[in-house]
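Written out below as structure tokens is the structure these notes cover.
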Amino acid sequence: MLRAKCKGWLLLFASCTLLPYLADAQEEVSRPFIDTSNKQDTSKRSVTPQSILRGLGRHGVTFQETLIYDWSKSAIADTDSRAGYGRYVFDFAMPLDGEKLYGLKGSSGAVRLRNHVNTFGENYVPVAQVVSNIDGCSRTTLYEAWLQQQLFSGRLRLKAGKIDANTEFAAVSTAADFLNSSMGYSPTILEFPTYPEPKLGFNMFLQATAATSFGLGVYKTAGGNRLSILEPSYGWRAGNHERPGRASFGYWRVDGEEIERFDGSRSNSTQGFYTVTEQVLWKATGSDETRKLSSFLQLGSARGDESMFTRHLGAGLVLQSPQRMRRDNSIGVAATWVRFSSYQPLNPPLRDEVVFETYYKLALQKHLIFVSDFQYVHNPAGMVHQGDLPVITPRMVISF
């Protein structure tokens, strides 16, 4: 019911906001591009998609579309179908510039729709740390719809609406091109409202100094509970070449009456911690500054009576622009480890799962990217009887 109401209000907002600018687009195409002495009548010119986009763009409404297609296949025949497993995500985003749209300086927003489809095969890979960060049930959803306001010269930022929490908290920007879901955020964060199901939330960010910031987020969760996150962050520049780095420490807490424990009882709260550290280890100088070697380190902790993952450790290296003429290319290698809950009813006990991942990103042009990814999973899903699992996943990304 709440989702239906949100969609209804969104459609009403879009109708009231965008229709006047479509009229502006009509006026734009009715003007002659070149003044002539005989004043030709151009009022009958038809509205074109280009003129509509220009009219909307002048008023702070733009559009972004991204298509991601993955195909995964295990190298072990008895865990795989012959064709493998294919899925795609289509993301339609509408960023909003509040100053152009309704005259409020420092204001912005976004509306995102997402369509995910499992195109063929089955999600056969028996792992706990998902091998593709676009895995999920086939669905079409209003993915995000939020507004934000900056105050005090940008030092304070407020954001409210339906928000993907991982775009603001526990994010690892260095690991953005890895495919395993644990590279993007620690899986120890219970009921984290990110892909594939962001939730309503409120964020507040304070830039205390040039190097220090504080973030606070409160979200509804898929289980009907409330997730609160506090994340202070500190940035620096190291060495003579001022190599950038940052560290953040996150504390999260879930409150509610529907938090289930493994023993069948319920609790009204649970909590945990995570940290993210990123550091540029080397970067080229002069005209080749895009070439750099970056590192990241993740740690996560949660309580074992409610969370399947009690400890998490992830680390990796990424070389940006490995060839001088290919600035958008990158190559990365990383590993992520999780420890499962030792709660006794889990029988047999689960072993620690470790995933080794490497990828190569090839940007053929501005709008087309290919990623070749390989993951080796040790103790998949922690099962004693399950052998190690190598998985290859080519990815294609089209943006326009």
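Where a number appears in this text, it was derived from the coordinates with a stated rule and is not lab data. The structure displayed is predicted, hence computed values, not measured ones. A quick note on method: Cβ atoms are made from the backbone with ideal geometry, for glycine too, and the neighbour counts reach across all protein chains shown.
Amide H contacts of Arg243: Ala238, each under 5 Å away and 5 or more positions distant or on a separate chain (H built 1.01 Å from N in the peptide plane; Pro and chain starts excluded). Rounded, prolate or oblate: which fits region 149-399 when a ≥ b ≥ c are the square roots of the eigenvalues of the alpha-carbon gyration tensor, with rounded for a/c under 1.5 and prolate only if a/b beats b/c? Note, shape of region 149-399 comes out oblate.
Anisotropy class assigned to region 135-283 is prolate, per the alpha carbon gyration tensor with a/c at or over the 1.5 cut-off and a/b larger than b/c.
FRET efficiency for the Arg139 to Thr285 pair, using the beta carbon distance and R₀ = 35 Å, is estimated at 0.15. Taking 0.36 nm per residue of separation and subtracting the current Cα-Cα distance, fully stretching the chain between Met325 and Ala160 would add 55.3 nm. For Met396 and Arg303, the FRET efficiency from 1/(1 + (r/R0)^6), where r spans their Cβ atoms and R0 equals 45 Å, is about 0.70. Database remark: amide H of Val130 closer than 5 angstrom to the amide H of Ser181, Ser182 (H placed geometrically; neighbours at sequence offset of 5 or more, or on other chains; Pro and chain starts carry no H). Note on Phe92 and Ala208: their simple-model spin labels are 4.3 nm apart, each label 7 Å out from Cα toward Cβ.
Averaging the Cα positions of each part gives two centres, and for region 240-267 and region 101-134 these lie 21 Å apart.
Here the residues Ser72, Ser372, Ser138, ranked from fewest to most Cβ neighbours within 10 Å of their Cβ, fall in the order Ser138, Ser372, Ser72. Cβ-Cβ distance of Ser342 and Asp255, R₀ of 25 Å, FRET efficiency by 1/(1 + (r/R0)^6): the value works out to about 0.50.
Rg ratio for region 226-360: its Cα radius of gyration over 2.2 N^0.38 Å, N being its residue count, equals 1.38. Look at Val355, Val333 and count the other Cβ atoms within 10 Å of each Cβ; fewest to most, that gives Val333, Val355. Under 5 Å from the amide H of Gly106 lie the amide H atoms of Glu99, each residue being 5 or more positions distant or on a separate chain, with H modelled from the backbone and absent for Pro and chain starts. Rounded to whole numbers, the Karplus 3J(HN,Hα) couplings from phi for region 162-179 are 8, 10, 6, 4, 6, 6, 10, 10, 6, 7, 10, 5, 5, 8, 4, 9, 6, 9 Hz, using 6.51 cos²θ - 1.76 cosθ + 1.60 with θ = phi - 60°, and x at Gly and Pro.
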